[in-house]
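Chemist: First the structure, which I've put down as structure tokens, then a few questions once you've had a look.
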Amino acid sequence: MIFTVAIDGPAAAGKGTISRAVAETFGFAHLDTGALYRAVGVKGGDPVLAAQTLSVEDLARDDLRTLEAGQAASRVAVIPEVRAALLAFQRRFARREGGAVLDGRDIGTVICPEAEIKLFVTANAEVRAHRRWLELGGDEAQVLAALRERDARDMGRAAAPLKPADDALVLDTSELAIDAAIARAIAHVQAHLRAAPKQSPR
Ligand code: C5P
């Protein structure tokens, strides 16, 4: 069965947690596409070449989750040739046999506009910065400033800007607990799968 769940949204909105839970529930493969851009960002050198030659080792680095890696990712993500180099891999992953969940910024709009399910997970900047600060520590005001800078770059770029697909279900987690957000996402996928009953939750 080919079944794609596209989960987009800004940093620290809860996309990763929701994606992992959906993938686990339905036995789908999961791809965190932000890790691809982070790996390109921290690799250094020519970003286009880095994207074209991205390796398993690059994706296994232990410094991909830092604030700096997030900023570096969003700087290389504005380059159309970098995005083009990462596109085929993401598309293949999305349409693999057995179902796939991809989270990122442009999955429902560019990578897989034909996705069966599209979610746009968002929350206000203060809430997201607070969550990221709990994860990473440091100075909360600085975390908020970095997040706002990254939002502006991701939403303002010409190539595949961050925005909800017209047919995406928007989940605002500003005041919605993560468990409730996960339950809504799972219910939404389940409702869709009822039309194709061969796939049942584990
Ligand atoms: O999701 P994460 O915070 O790891 O993404 C890091 C950065 O990579 C984002 O701020 C964005 O600039 C870029 N990105 C992107 N398209 C995606 C995933 C991430 O442009 N599909």
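The values are calculated or read from the model by the stated rules, or taken from the named source; none is laboratory data. Since this is a predicted model, take the numbers as computed values, not measurements. Virtual Cβ from ideal backbone geometry, glycine too; neighbours counted across all protein chains shown. Surface areas here come from the heavy atoms of the whole protein model, side chains and all, with no ligands, DNA or RNA. Shrake-Rupley method; radii C 1.70, N 1.55, O 1.52, S 1.80 Å.
Chemist: Can you pull out the trypsin sites (Lys or Arg not before Pro) in segment 45-75 that DSSP calls coil and that have at most 16 other Cβ atoms within 10 Å?
Modeler: Sparse-neighbourhood loop trypsin sites (Lys or Arg not before Pro): Arg61, Arg65.
Chemist: Shifting gears a bit: Excluding ligands, DNA and RNA, what is the solvent-accessible area per residue of the chain at a probe of 1.4 Å, expressed in Å²?
Modeler: Here the per-residue accessible area is 47 Å².
Chemist: What number, rounded to the nearest 500 deg cm²/dmol, is the helix-based mean residue ellipticity at 222 nm of the chain, given -39500 (n - 2.57) per DSSP H run of at least four residues and division by all its residues?
Modeler: -15500 deg cm²/dmol
Chemist: Grab every C-alpha pair in segment 95-135, bin the distances at 5 angstrom width from 0 up to the longest one, and report whole percents.
Modeler: Per 5 Å bin, starting at zero, the Cα-Cα P(r) for segment 95-135 comes out as 5, 19, 22, 16, 13, 13, 9, 2 percent.
Chemist: Treating the chain as a set of equal point scatterers at the Cα positions, no solvent, please give the Debye-formula log₁₀ I(q)/I(0) at q = 0.08, 0.18 Å⁻¹.
Modeler: -0.25, -1.31
Chemist: Relative contact order for segment 61-202: what percent, with Cα pairs under 8 Å and sequence separation of 6 or more?
Modeler: For segment 61-202, the relative contact order is 29 percent.
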